[in-house]
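The values are calculated or read from the model by the stated rules, or taken from the named source; none is laboratory data. Fair warning: this is a prediction, and the values are worked out from it, not measured in the lab. Every residue, glycine as well, gets a Cβ built from its backbone with ideal geometry; the counts of neighbours run over all protein chains shown.
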Amino acid sequence: MVAAWKAAGLTYNKYLSIAARVVRRSLKEQPRLAAERRGDMQLKFAKWDGGKQGEVKSLAKESVEQ
């Protein structure tokens, strides 16, 4: 049996992201604000070549754009 998220064409990470967002939005005001702050992500990536750091890219921005 295929999981519902897979049958819907979602990746597991996307499914978790949507589920977490739904839970956060269902909370009352104060707990919701605290949960939203915990949900912020600041992940950066840089490719190293020959001992030199390349351009730093924010992975959080790329995931929001998708």
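Would region 30-37 turn up any residue that is modelled with pLDDT under 90 and surrounded by fewer than 10 Cβ atoms within 10 Å (Cβ to Cβ)? Looking for residues that are modelled with pLDDT under 90 and surrounded by fewer than 10 Cβ atoms within 10 Å (Cβ to Cβ), one finds at least one in region 30-37, hence yes. Scan region 52-66 for residues that are over 20 Å from LEU10 (Cβ atoms) and either loosely packed, with under 10 Cβ neighbours inside 10 Å or modelled with pLDDT of 80 or more (or both) and the total you get is 7.
Among residues of region 1-28 that are at negative phi and assigned to a helix (DSSP H, G or I), those with a Cβ under 7 angstrom from a residue that is surrounded by 12 or more Cβ atoms within 10 Å (Cβ to Cβ) and acidic (Asp, Glu), sequence gap 6+ or separate chain, pair up as ARG24/GLU36. Looking at this structure, is ASP49 modelled with pLDDT under 80 and not hydrophobic (A, V, I, L, M, F, W, C)? In short, no.
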